[in-house]
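The values are calculated or read from the model by the stated rules, or taken from the named source; none is laboratory data. No experiment lies behind these values; they were computed from the predicted model shown. Note that we place each Cβ from the backbone using ideal geometry, even for glycine, and neighbour counts take in every protein chain shown. Note: areas computed on protein heavy atoms with side chains; ligands, DNA, RNA excluded. Shrake-Rupley method; radii C 1.70, N 1.55, O 1.52, S 1.80 Å.
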Amino acid sequence: MYWNPYFGGFLLGLIIIFTFYLTGRGLGASGAMKSSVVAIVDGVAPTHAQNNAYYSLFLSDEDTPLNTWLVFEALGILIGAFISGGLAGRIRWRVQHSPKISSKRRLAFALGGGLLFGLGAQIARGCTSGAALSGMAVLSVGGFITMLAIFGSAYAVAYFFRKNWI
Amino acid sequence: MGPIIPNGLIPIEWDSIIAIFIGICFGFVLESSGFSSSRKLAGVFYGYDFAVLKVFFTAAVVSVIGIYYMDYLGYLHIEQLYIHPTFLWGAIIGGVIMGVGFVAGGFCPGTSLCAVAIGKLDAWVYVLGIMLGVLLFSELFTFFEPIYDGYFLGNITLMDSFGWNPYWVIFIFSIIAIVAFAVANVVRKRVKKVFY
């Protein structure tokens, strides 16, 4: 029901080449969520955002923090995944989890996992897409280190989360 | 001569349109490869499904070969591309934290967006978690700043650090990927099947 992984990987590689060829930069995903947070905080508490050394990096007087390449790209990801899922008949509301755990547990771990990923992606200045994949495509040292750290740590702690998955 | 937009060959106004178009392709490929399923993604850590390894490394090998080949043929100047900067401890500590988040939540940011698009509520919660993580980082920025800004080694590549020939690096990287695929197939046959 899903594509052959090598076929998917090959097409993804072509997309990365095309992205670098057109824009000179790679793909990303967590950047759009960072921009959303900056925009929300700036909307709710503008003085607080301007006084914060991190939010203020992404604020300007002329423009909203949402007008970035990665935000438009992330909107595209949602559209593209919606088309693919729609064509394959995979669209429906549900919580996906192992039959051995409750949906409540799944959601709690999803929230905690997301929080850690969001935090780590800020520290490393990028996630699996922006730092690891797009970094490795141009042989960036940081890209390789982040990739090794993500997968190394995930394998190291996988044992403790096994009940959620197997 | 690429990169096309920085060199002014396509007007900058097209930038956002191109971003959406590239995003659509990216999201379509990820979702079609099964990356909207956390249980499929997590398989790579337990040996029952290696789609992440195969898609991720195939993409990395194809892109690095393609980019260097286009540079060799003169269609693209590698020096003009954005090299992800190396903040040594930021990359390590951030990566380690992301790894724990990956196993706990079953997604990374890009794959969670795909799952959000097809109605996985766990992915909606995961994205909320990511935003809380960003908020936490930003509010505690003074605490994280030393690792965020420190240990900066520049926008360096493996060639800058080790003086290796890029073509050998890419060749060996490709061999490592193929060996990893073979090992993954052996492991998957020995691990108990998980149905999802």
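Residue pairs whose Cβ atoms lie under 6 Å apart, sitting 6 or more positions apart in sequence or on different chains, and linking a residue in segment B:30-43 that is facing chain A (nearest Cβ under 7 Å) to a partner that is crowded, with 24+ Cβ neighbours inside 10 Å and part of a loop (DSSP other than H, G, I, E, B), are B:Ser38/B:Gly106; B:Ser38/B:Phe107; B:Ala42/B:Gly106. Quick check, is B:Tyr68 facing chain A (nearest Cβ under 7 Å) and aromatic (Phe, Trp, Tyr)? So B:Tyr68 fails the test.
Listed by first and then second residue, the pairs with beta-carbon distance under 6 Å, at least 6 apart or on different chains, first residue in segment A:72-92 and more than 8 Å from B:Glu31 (Cβ to Cβ), second among the acidic types (Asp, Glu), form an empty list. When A:Lys34 is tested against (1) assigned to a loop (DSSP other than H, G, I, E, B); (2) facing chain B (nearest Cβ under 7 Å), just one condition goes unmet, and that condition is (1).
Within segment A:48-76, being assigned to a loop (DSSP other than H, G, I, E, B), facing another protein chain (nearest Cβ under 7 Å) and crowded, with 18+ Cβ neighbours inside 10 Å holds for A:Asn52, A:Tyr54. Number of residues in segment B:5-56 that are touching a strand residue (DSSP E or B) at 6+ places or on another chain (Cβ under 9 Å) and either open to solvent by 10 Å² or more (accessible area, probe 1.4 Å) or farther than 14 Å from A:Gly80 by Cβ (or both) equals 3.
Checked against (1) more than 30 Å from B:Val186 (Cβ to Cβ); (2) in contact (Cβ under 8 Å) with a residue 24 or more places away in the chain; (3) assigned to a helix (DSSP H, G or I); (4) facing chain A (nearest Cβ under 7 Å), B:Thr58 meets all criteria but (1). Is it the case, given these coordinates, that A:Phe10 is facing chain B (nearest Cβ under 7 Å), part of a helix (DSSP H, G or I) and open to solvent by 70 Å² or more (accessible area, probe 1.4 Å)? For A:Phe10, the condition - facing chain B (nearest Cβ under 7 Å), part of a helix (DSSP H, G or I) and open to solvent by 70 Å² or more (accessible area, probe 1.4 Å) - is met.
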